[in-house]
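The values are calculated or read from the model by the stated rules, or taken from the named source; none is laboratory data. Fair warning: this is a prediction, and the values are worked out from it, not measured in the lab. Don't worry about glycine lacking a Cβ; one is built from the backbone with ideal geometry, like all the others, and counts go over all protein chains shown. Side chains are part of the model used for accessible areas, which takes the heavy atoms of the whole protein and leaves out ligands, DNA and RNA. Shrake-Rupley method; radii C 1.70, N 1.55, O 1.52, S 1.80 Å.
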Amino acid sequence: MLVVLMVYTGEGYSTLLGLVSDVRFPAIVAGMCAVVYARAFWRARLDTVGYRARANAGWRTLGRTLREFSPLFACMAIYEALHDLTPVLRPDVVDRHLVAIDHAVFGTDVGRWLNDHLGSPTMTSIMTYCYVSYAFAPPIYAGLQYFRGKMDAFRDFSLAIAITAFIGYCGYLLVPAVGPYIFQAHLYPDPLPDWGHGGLLNTLNKMKGSARDAFPSLHTAMTTVVLGLMWRDARRLFWTYLPVALGLYLSTMYLRVHYAVDVAAGFATAALALFLTNRINTWWHDRRAAADVPAQRVVPEREKASA
């Protein structure tokens, strides 16, 4: 679908060039590959003798790991491509409708209200750290489950993240919105407390640009998926990450990135993704289990009589 969109818009070459020239994605993949290979090479010393055997063990482990993590890498690559494509595909935005929903429910602009009542340098710093945790919590959790050998938990997480991303990316195209800090710039003439030029938030917003990626809030959706699976599979991690996750939900509006309706849509996206993940993987494992059971030979009645 992404290739079709790139061809349709005539942006295929520039989009691919942007993906290749962006060092962030290759750096993440290369860093993970180095860690995985080094870990496998070191652990192989217990079972194999000789450099070549250990090197082969490292390459086998690396290949298997790249295959397992490929859906997560694909989600990252597709987001980077849509970042450049959504302004071309959907030049007109629907932010005014999202603002109207917020006004109908809350009677105010939630981000403006939070800034006026909670705004402070300390709060801005806390909200920024919580918001940025989105980039670290999912891959750290995935890595912990994978390297601990909890493959069912890892694959549930991988599938849930892929479904969440797919729903979110469809939302970007169906409900194109740029978010409050762009659409309602007149409402936020004042910088956030302790948000100076060149700060982390400015850097993030420059990277984001005018991409139509406000609805639904994937910060909210992905974080909720992480929390949901942590509750089931890693309860201690759940309680550790919960305060940060709650701060992240608030930060999406405090930092003027999302409307409240975006956050609500993020919760709905996560709930649907977790529901579908459970159904799909239950069906898949039942199907595999049934295929592994030897078929029972049915003895014809005439064979019974002759016996």
- Message: Could you tell me the extents of segment 77-166's C-alpha atoms along the three principal axes, largest first, rounded to whole Å?
- Response: 49, 39, 24
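Given a Förster radius of 51 Å and the C-beta distance between Ala104 and Val3 as r, what FRET efficiency does 1/(1 + (r/R0)^6) yield to the nearest 0.05?
The value I calculate is 0.85.
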- Item | Amide N of segment 227-249 lying under 14 Å from the label point, which is placed 7 angstrom from the Cα of Asn278 along Cα→Cβ | 228-233
- Task: For segment 226-241 and segment 57-133, compute the distance between their C-alpha centroids and round to whole Å.
- Result: 21 Å
- Segment Ile126-Glu68, extension gain: residue separation times 0.36 nm, minus the distance between their alpha carbons: 17.5 nm
- Query: What's the FRET efficiency of Phe136 with Asp292 using the Cβ-Cβ distance as r and R₀ = 45 Å, to the nearest 0.05?
  - Reply: 0.75
- Task: Would you kindly find the accessible area of Arg112, with a 1.4 Å probe and non-protein molecules such as ligands, DNA and RNA excluded, rounding to the nearest 10 Å²?
- Result: 40 Å²
- Message: Suppose each label sits 7 Å from its Cα in the direction of the beta carbon; what would the Arg90-Asp190 distance come out to in nanometres?
- Response: 3.2 nm
- Rounded to the nearest 0.05, FRET efficiency between Phe166 and Arg235 (Cβ-Cβ, R0 22 Å) equals 0.20
